[in-house]
1. Which one is surrounded by the most Cβ atoms within 10 Å (Cβ to Cβ), of the residues in the range 41-52 that are in contact with a helix residue (DSSP H, G or I) (Cβ under 7 Å, 6 or more places away or on another chain) and closer than 15 Å to residue 85 by Cβ?
2. Report whether or not residue 23 is at pLDDT below 65, over 29 Å from residue 84 (Cβ atoms) and either exposed (fewer than 13 other Cβ atoms within 10 Å of the Cβ) or touching a helix residue (DSSP H, G or I) at 6+ places or on another chain (Cβ under 9 Å) (or both).
3. Out of the residues in the range 75-103 that are under 16 Å from residue 55 (Cα atoms) and in a strand (DSSP E or B), state the one that is farthest from the chain's Cα centre (by Cα).
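The values are calculated or read from the model by the stated rules, or taken from the named source; none is laboratory data. Nothing here was measured: the structure is a model prediction, and the numbers come from that model. So basically every Cβ, Gly included, is an ideal-geometry build from the backbone, and we count neighbours across all protein chains shown.
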């Protein structure tokens, strides 16, 4: 009986680990909730514009917006042209003050 309870506890703990890891709020230092909402809106706008381009590799570009409208792009794309296009799209988005790119160009083997 004790082994069964221990196994159930282990399984439940394993399943909850990703949720516990994501529970930490990285935006906890924000002084005003409006800043978080503004950043989320900018991130959504950039992601929507990237999706509208319908290039499959743009789906691999991750978008994060820091305070003050600074957009950080990361991920992997096939060509430098696609990376440049993602940066141009982000720069052209309303509310973006600057763009930092850590996109890696990796051709499919």
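1. 46
2. Taking the combined requirement at face value, the residue satisfies it.
3. 77
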